[in-house]
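Okay, structure first, notes after.
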Amino acid sequence: MDFLLFHLRFTVAVALFTLLYAAFLCRETFYRLNRFFLLLCISFCFAFSFISFSDLHLFKINENIVTGIRDFKGTMMSTSNEQSIKHVPVQSGSRLLSAFNWPASLEVVYLPGLCIFISRFIFQCISLYRITKKSCKTEISGKEVYHLPGSVSDPFSFFKKIYADTINYSEKDLSKIIAHETVHGRQLHTLDILLMELLLVIFWYNPFCWLLKKHVVQNLEFLADKTVAGTFDKKECQYTLLRISVPTSKLSLTTNFNVNHLKKRISMLNRKKSVCYGAVDHRISEIEVVHSAKTLTILIY
């Protein structure tokens with residue numbers, strides 16, 4: 001697979017899906033569906049980049065047409081004035097451009113960036129390991145929580161491990177934080193984050209990949225916020241977000257109880273369910289009512 005062709009295909013595909021998501025889905029409350037859509041986008045972009053269209057005969061050109069084009073080109077070249085061509089200054093420049101090895105030059109630029117982002121990923125893993133070693137494990141409300149050292153104060157989770165400052169937060173705020181991070185762990189949101197981090201290692205130069213990661217992280221936070229708001233009072237959840245409103249250093253590999261998009265998270269908490277979602281939810285409620293009525297009728301008789 002050609003280096004330039006692979007990256008060009010991926011860039012086109014990820015740009016298309018990212019713009020589609022930003023235009024039509026990012027403001028909707030289909031958080032689970034959005035998560036599936038974003039993961040499917042990444043899978044499709046990779047598949048599209050590796051597909052060989054010549055093997056599928058999708059863009060196979062008729063050999064007779066190619067032969068005709070070559071014959072026509074040869075005729076035109078033989079009838080043209082060679083002296084006038086030699087004196088055209090653009091010709092020498094075009095030859096230099098055609099002789100220039102663009103793929104090799106771009107690889108020279110790409111590889112140092114790839115090494116930098118691989119080093120960044122490894123550094124993040126080492127930092128997480130060090131934080132885990134320095135943290136004291138405690139149990140709060142039946143959940144194991146790693147008490148964060150003084151250098152890190154933002155709560156976060158890595159798979160089912162929850163990290164939080166268990167001293168400086170009130171009991172109410174801490175219970176909501178733990179519930180929020182438990183949702184991240186139970187639904188394996190860390191896998192989405194790791195996938196996006198690995199994607200950025202490979203396509204570090206692509207702004208659409210960075211935008212896609214932003215959408216993935218936002219949607220995971222919306223999903224966790226929605227789940228927690230169903231257990232706790234919605235206003236109390238918003239107050240907790242406001243009280244924890246000073247972000248500090250955090251790891252990009254983890255799902256953070258971050259407030260970088262505080263206004264949008266509170267807005268989405270108060271947003272009404274999207275029409276389609278509300279209709280489905282209403283239909284499910286009707287089915288449950290009918291089922292309960294049938295059960296009650298059977299019990300009476």
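Considering only the stretch 74-96, I want to know if a residue exists there that is surrounded by 11 or more Cβ atoms within 10 Å (Cβ to Cβ) and modelled with pLDDT of 85 or more.
Within the stretch 74-96, none of the residues are surrounded by 11 or more Cβ atoms within 10 Å (Cβ to Cβ) and modelled with pLDDT of 85 or more.
What residue, among those in the stretch 12-49 that are in contact with a His (Cβ under 9 Å, 6 or more places away or on another chain) and in a helix (DSSP H, G or I), is nearest to Asn206 (Cα to Cα)?
Looking at the filtered set, the residue picked out is Thr18.
Could you check how many residues of the stretch 160-179 are among the aliphatic types (A, V, I, L, M) and part of a helix (DSSP H, G or I)?
The qualifying residues number 4.
Return a yes/no flag: does the stretch 211-219 have any residue that is in a helix (DSSP H, G or I) and β-branched (Val, Ile, Thr).
Yes, that holds for at least one residue.
The values are calculated or read from the model by the stated rules, or taken from the named source; none is laboratory data. Everything numeric here is computed off the predicted structure, so don't read it as measured data. Neighbour counts are summed over all protein chains in view; Cβ atoms, including those assigned to glycine, are modelled from backbone coordinates with ideal geometry.
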